[in-house]
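Since the structure comes first, as structure tokens, the remarks are kept for the end.
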Amino acid sequence: MKFSDWISLSPSNILRWTPAASPSSSPVPPPVFSPEISSSQVEDEPFMSPAHHHELKQQLDQYVDEPAKSSKKKNSEENKSSFVIEMEPKSEGSTVVLAWEDLCVSVPSSSSSKGNDRVIIEGLNGYAQPGEVLAIMGPSGSGKTTLLDALAGRLPSNTRQLGVIHVNGRKQTLAFGTSAYVTQDDTLTTTLTVKEAVYYSALLQLPDSMTTSEKKERAETTIKVMGLHGARNTKIGGWNIKGLSGGQKRRVSICIEILTRPKLLFLDEPTSGLDSAASYHVVNRIAKLSRQYRMTVIASIHQPSSEVFNLFHNLCLLSSGRTIYFGPVSAANEFFALNGYPYPTMTNPSDHYLKTINKDFDEDMEQGSGGKLTTTEEAIYKLAEAYKTSQIFQQVKLQVSNLCKREGGILEKGSQASFLTQSVVLTRRSFLNMHRDLGYYWLRLGAYIGLGLCVGTIFLNIGTSFGSIQARGSVLLFVVAFLTFMAIGGFPSFVEDMKIFGRERLNGHYGVAAFVVGNTISSVPYLLMISLIPGALAYYLVGLHKGYQHFLFFALLLFVCMMLVESLMMVVASIVPDFLMGIIVGAGIQGAMILNAGFFRLPNDLPNPVWKYPMYYISFHRYANEGFYKNEFQGLQFPNNQIGGPSTISGEEILKTIWQMPMGYSKWVDLAVLFGMVVLYRLMFFSIIKLSEKKKSSSCLNR
């Protein structure tokens, strides 16, 4: 019987297709047979093989217990016809049940005309329950990651989302600590070992009620679960360090996110970079954790092996943003065979599904035993329409509707380490990363030492002649402008830190304030070292104002300037996350400030609009210049070359007449202003991150 003939049958003679239970899945309610047709009719259907019919009988015997057999024997005999799964909602308790209905996501098209949005996913319905693993499959560009991001509340702000997403029957957001998300990109601290990365994450995430030894044991156990015990002392590795392979990095990312045994876990391509054996063990252990801790797991997967494929409970198959199939994994074969695309024997079912619905290489598909050829577009359309008219689709819609109506508990962020603990752990981790990362401070230290020697030898022992006035001004300007300007050299390393912070922050590992405190404290020793060593070389080789107190102020002011530039670049990084664009923006801001510092153009000569008001007053180079110049010139006497004037000229007079600097306040006021700018820029960074989080959360709630 052909598929078209089967469709034309009357309802009383049609075998209603519904999924078979997956042998690898958690137990489901027993299958029920409809009295519409007898078991003999089932055997007569060409798409229901005797082996499959025997399998259905075994499944029925497996789920029916002895009391039920004795008391409901008559009902069991009457129900042996059409295979139907009763989808009863599972008890929520402290678990998470996720359901989505008519979910659509679109982005603005490149066309200038309005209302021409490009649809990424449309009309998706489905659910994910505790103790189960839902696999999202499809060709590249089918919308797998977009669906994950939509469910996790992580869609970009330029997307438009329609439809309903319910968590435990409520419309609530999932971001910032209520779920864990393992992204495709393994954003890790490359200088840490596997043991250090997982252990520091355990200290950050696990609550203070757990002892340090318990946290360490949890980290070690998780490392063993992911098969990384042999590589626990290997550095993750980056551009300058040979470390883990791509597959091992993927497992480290999973390790970090399953430390707390989250209620809801999203995995985007968890088997990328893994061989077939490693993929099986990773997915198998995630499935075991899901059953053990009643976790709800949703994973996008790309062409799994048959062993891995059978570990999933439910399958969501997408193509071009449309649902091709949603239901138990074991019933997908039957669905494809029923619609004329049976998978060949001795092949991987997932390979067959993806080949059938992948239109990138639009090949003709052989349909059914008749050998009729159809295009991939036709196959996709036929399967999508067949799914919409199938019994399983109606069951899914009913299940989603029931789950949306059953209000469970409000999803709340779990307990974690205190703010003080997080700040201490982040400081330790950041300090260790800065120590091991050559590009963070060590290369800058070498460059600063070289520049300090250059300045010291070019302006060697400039003395106190009248010509030394201009020379001292030039040396100090070089320190203010170029040594502080080079502080942006650590921006690429900080951008990597920001990527790690973004991932960990979205998963709720710690707060923004703890990150700011940890980054600030950990950078202090390195900035002091960079200020003291090159500063001492330049200061004493040039022969600037003698006296240790003058040098200490010089080094302290240089330290504050470098910290201020790093604070400014933190603000830039929060707005422009790309490090190349960030360096350009940061360099442009500093260039404009240097022009208004009062050296290239004296303060009284600056045009009032814009350049003097407000640029001259908000430029930190102005206060740095004043601090360095006051520290250098106050208390010194220089010979006066001007005819008719006094034989000497004081440093205070030089500051007022030559450099046009205000003398109504001391150099310590300039230092205090710069320190206040450091605090202001760090607070700006904190505020920008918090506002972006609030905007993202509100946009997720309003979708």
Problem set entry | All positions within the range 401-410 that are assigned to a loop (DSSP other than H, G, I, E, B) and crowded, with 19+ Cβ neighbours inside 10 Å | GLY408
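Does ASP185 satisfy being surrounded by fewer than 24 Cβ atoms within 10 Å (Cβ to Cβ), more than 18 Å from the chain's Cα centre (by Cα) and assigned to a loop (DSSP other than H, G, I, E, B)?
Details: surrounded by fewer than 24 Cβ atoms within 10 Å (Cβ to Cβ): yes; more than 18 Å from the chain's Cα centre (by Cα): no; assigned to a loop (DSSP other than H, G, I, E, B): yes.
No; evaluated as a whole, the condition is false for this residue.
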For this session: May I ask you to list pairs of residues, at least six apart or on different chains, whose Cβ atoms are under 7 Å apart, with the first in the range 338-359 being open to solvent by less than 20 Å² (accessible area, probe 1.4 Å) and the second being basic (Lys, Arg)?
Result: ASN339/LYS382
For this session: Scan the range 278-294 and give yes if some residue there is touching a Leu at 6+ places or on another chain (Cβ under 8 Å), within 20 Å of TYR127 (Cβ to Cβ) and part of a strand (DSSP E or B), otherwise no.
Result: no
For this session: Evaluate the range 465-473: report whether one residue or more is assigned to a loop (DSSP other than H, G, I, E, B), open to solvent by 30 Å² or more (accessible area, probe 1.4 Å) and closer than 30 Å to ILE654 by Cα.
Result: yes
Problem set entry | Selection count where residues are of a type in the set (A, V, I, L, M, F, W, C) and assigned to a loop (DSSP other than H, G, I, E, B), scope the range 188-219 | 4
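Could you please let me know if ILE258 is at negative phi, of a type in the set (A, V, I, L, M) and in contact with a strand residue (DSSP E or B) (Cβ under 6 Å, 6 or more places away or on another chain)? Show your work before the answer.
Values: at negative phi: yes; of a type in the set (A, V, I, L, M): yes; in contact with a strand residue (DSSP E or B) (Cβ under 6 Å, 6 or more places away or on another chain): no.
No, not satisfied.
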Problem set entry | Residues being in a helix (DSSP H, G or I) and of a type in the set (Phe, Trp, Tyr) - total across the range 586-616 | 1
Problem set entry | Hits in the range 621-645 (condition: at pLDDT 85 or above and open to solvent by 20 Å² or more (accessible area, probe 1.4 Å)) | TYR623, GLN634, GLY635, LEU636, GLN637, PRO639, ASN640
For this session: Starting from residues that are of a type outside the set (A, V, I, L, M), out of contact with any Phe, Trp or Tyr (no Cβ under 9 Å at 6 or more places or on another chain) and part of a helix (DSSP H, G or I), keep the ones in the range 541-585 and report whichever is farthest from VAL673 (Cα to Cα).
Result: TYR548
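The values are calculated or read from the model by the stated rules, or taken from the named source; none is laboratory data. Here the structure is a predicted model, which means the values were calculated and not measured. Positions of Cβ are generated from backbone atoms using ideal geometry, with glycine treated the same way; all protein chains shown enter the neighbour counts. Side chains included, ligands, DNA and RNA excluded: accessible areas come from the protein's heavy atoms. Shrake-Rupley method; radii C 1.70, N 1.55, O 1.52, S 1.80 Å.
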